[in-house]
1. Specify the residue that is farthest from the chain's Cα centre (by Cα); the eligible residues are those in the stretch 1-23 that are hydrophobic (A, V, I, L, M, F, W, C), closer than 21 Å to residue 65 by Cβ and assigned to a loop (DSSP other than H, G, I, E, B).
2. Any residue that is part of a strand (DSSP E or B) and either hydrophobic (A, V, I, L, M, F, W, C) or without any contact (Cβ under 8 Å) to a residue 60 or more places away in the chain (or both) - is there at least one of those in the stretch 57-70?
3. Determine the pairs where a residue that is within 14 Å of residue 68 (Cα to Cα), located within the stretch 24-36, has a partner that is assigned to a strand (DSSP E or B) and of a type outside the set (A, V, I, L, M) with Cβ atoms under 8 Å apart, the partner being 6 or more residues away or on another chain.
4. Out of everything in the stretch 30-56 that is among the basic types (Lys, Arg) and part of a loop (DSSP other than H, G, I, E, B), what residue ends up being farthest from the chain's Cα centre (by Cα)?
5. Check whether at least one residue in the stretch 38-48 is of a type in the set (Val, Ile, Thr), farther than 21 Å from residue 68 by Cβ and open to solvent by less than 30 Å² (accessible area, probe 1.4 Å), and report yes or no.
6. Quick one: in the stretch 3-51, which of the residues that are acidic (Asp, Glu) and either out of contact with any helix residue (DSSP H, G or I) (no Cβ under 6 Å at 6 or more places or on another chain) or within 14 Å of residue 76 (Cβ to Cβ) (or both) is modelled with the highest pLDDT?
Amino acid sequence: MNEPRTILHLDLDAFFCAVEEQHNPALRGRPFAVGGRPEGRGVVSSASYAARRFGVHSAMPMAQAVRLCPELVVVPPHFAAYRAASR
């Protein structure tokens with residue numbers, strides 16, 4: 001059997017941000033990150049493309065992200081919404 005193979009490459013690094021933008025259109029174009037609070041030991045789960053221009057990326061401590069981008073909007077995660085969107 002020589003059925004053709006399909007290979008997909010999906011960049012889901014900003015998936016949480018895309019879902020948040022759907023729920024809150026005011027976030028579009030703004031630097032924001034989904035994750036924990038910078039006052040604690042919060043970590044960036046997902047960074048918007050606007051935030052990435054400042055060097056903010058996934059797995060970065062949120063406190064460091066805020067230092068790189070002082071106007072960063074920190075959005076708490078909404079895992080139920082991400083699950084629903086991925087279905």
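The values are calculated or read from the model by the stated rules, or taken from the named source; none is laboratory data. Remember, predicted model here, so these are calculated numbers, not experimental data. A quick note on method: Cβ atoms are made from the backbone with ideal geometry, for glycine too, and the neighbour counts reach across all protein chains shown. When the accessible area is computed, the model is the full protein with side chains, heavy atoms only, and any ligands, DNA or RNA have been set aside. Shrake-Rupley method; radii C 1.70, N 1.55, O 1.52, S 1.80 Å.
1. The selected residue is 12.
2. Yes, the stretch 57-70 has at least one match.
3. That search, which allows pairs on different chains as well, returns 33/45; 33/46.
4. So, considering only residues that are among the basic types (Lys, Arg) and part of a loop (DSSP other than H, G, I, E, B), the one farthest from the chain's Cα centre (by Cα) is 41.
5. Looking through the stretch 38-48, none of the residues is of a type in the set (Val, Ile, Thr), farther than 21 Å from residue 68 by Cβ and open to solvent by less than 30 Å² (accessible area, probe 1.4 Å).
6. If we take residues in the stretch 3-51 being acidic (Asp, Glu) and either out of contact with any helix residue (DSSP H, G or I) (no Cβ under 6 Å at 6 or more places or on another chain) or within 14 Å of residue 76 (Cβ to Cβ) (or both), then 20 is modelled with the highest pLDDT.
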